[in-house]
Amino acid sequence: MAGQVNPGNLFEKNVVFDKEFQKVFDAIRDRKADTIFSAIADKLQAQGIRLVDSTFLLKEYLAPKGTLTRRAPTERELDDIEFGRNIAKAMGGMDVGQTVVVKEKAIVAIEALEGTDRTIARGGGIARDGAVVVKMSKPCQDLRFDVPVVGPHTIQTMIRARARCLGIEAGRTLLIDRDRCVRLANKAGICIVAA
């Protein structure tokens with residue numbers, strides 16, 4: 001399994017917890033993703049189940065360093081990637097999200113519980129054209145869960161949002177179906193950069 005595990009689903013009205021999970025959920029200090037995932041991991045550990053680095057068998061899917069598409073980023077896009085990286089790392093340090101959408105060094109969207117795709121769509125609606133999407137791991141990323149993931153659906157969402165560049169973290173972001181991602185990006189004139 002790769003992709004979003006949305007902690008926001010815990011707030012759906014039709015979600016019913018068993019007694020054990022309800023105890024875990026009631027005992028946590030806040031409802032941030034890391035808090036929820038860590039509490040679940042601790043509960044599993046107490047039952048003899050140890051979670052391991054989720055990239056353990058997926059190292060080949062971690063994004064390699066460099067420009068992955070035919071089109072290289074422009075200077076403005078590189079500036080936006082660097083600007084977005086700093087914001088994403090700061091937000092990740094507070095366990096808010098991993099994705100920011102930037103245009104000309106203006107933050108147009110920050111990911112919260114809604115997930116990357118909805119953040120990109122919202123950012124594209126604000127930026128209208130030429131946004132840069134930046135997705136980074138958290139500064140103290142627990143690799144057992146919530147590792148940044150991008151894939152073809154991410155690129156398709158960027159195309160619909162008219163975003164022009166994707167900046168991801170080399171060696172820390174899972175790039176699912178890399179060949180298809182690159183094909184889609186090349187066809188749309190989107191650049192993908194892993195730094």
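The table below lists the values:
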| item | result |
| --- | --- |
| Given (1) modelled with pLDDT of 90 or more; (2) part of a helix (DSSP H, G or I), index of the condition Pro73 fails | (2) |
| Test: residue in the range 83-94 that is in contact (Cβ under 8 Å) with a residue 60 or more places away in the chain and part of a helix (DSSP H, G or I) | yes |
| The range 161-188, residues that are farther than 16 Å from Gly115 by Cα and in a helix (DSSP H, G or I) | Arg178, Asp179, Arg180, Cys181, Val182, Arg183, Leu184, Ala185, Asn186, Lys187, Ala188 |
| Test set (1) in a loop (DSSP other than H, G, I, E, B); (2) modelled with pLDDT under 85; (3) among the small types (Gly, Ala, Ser) - Gly8 fails condition number | (1) |
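The values are calculated or read from the model by the stated rules, or taken from the named source; none is laboratory data. Note that the structure is predicted; figures quoted are calculated from it, not measured. Positions of Cβ are backbone-derived with ideal geometry, glycine not excepted, and every protein chain shown enters the neighbour counts.
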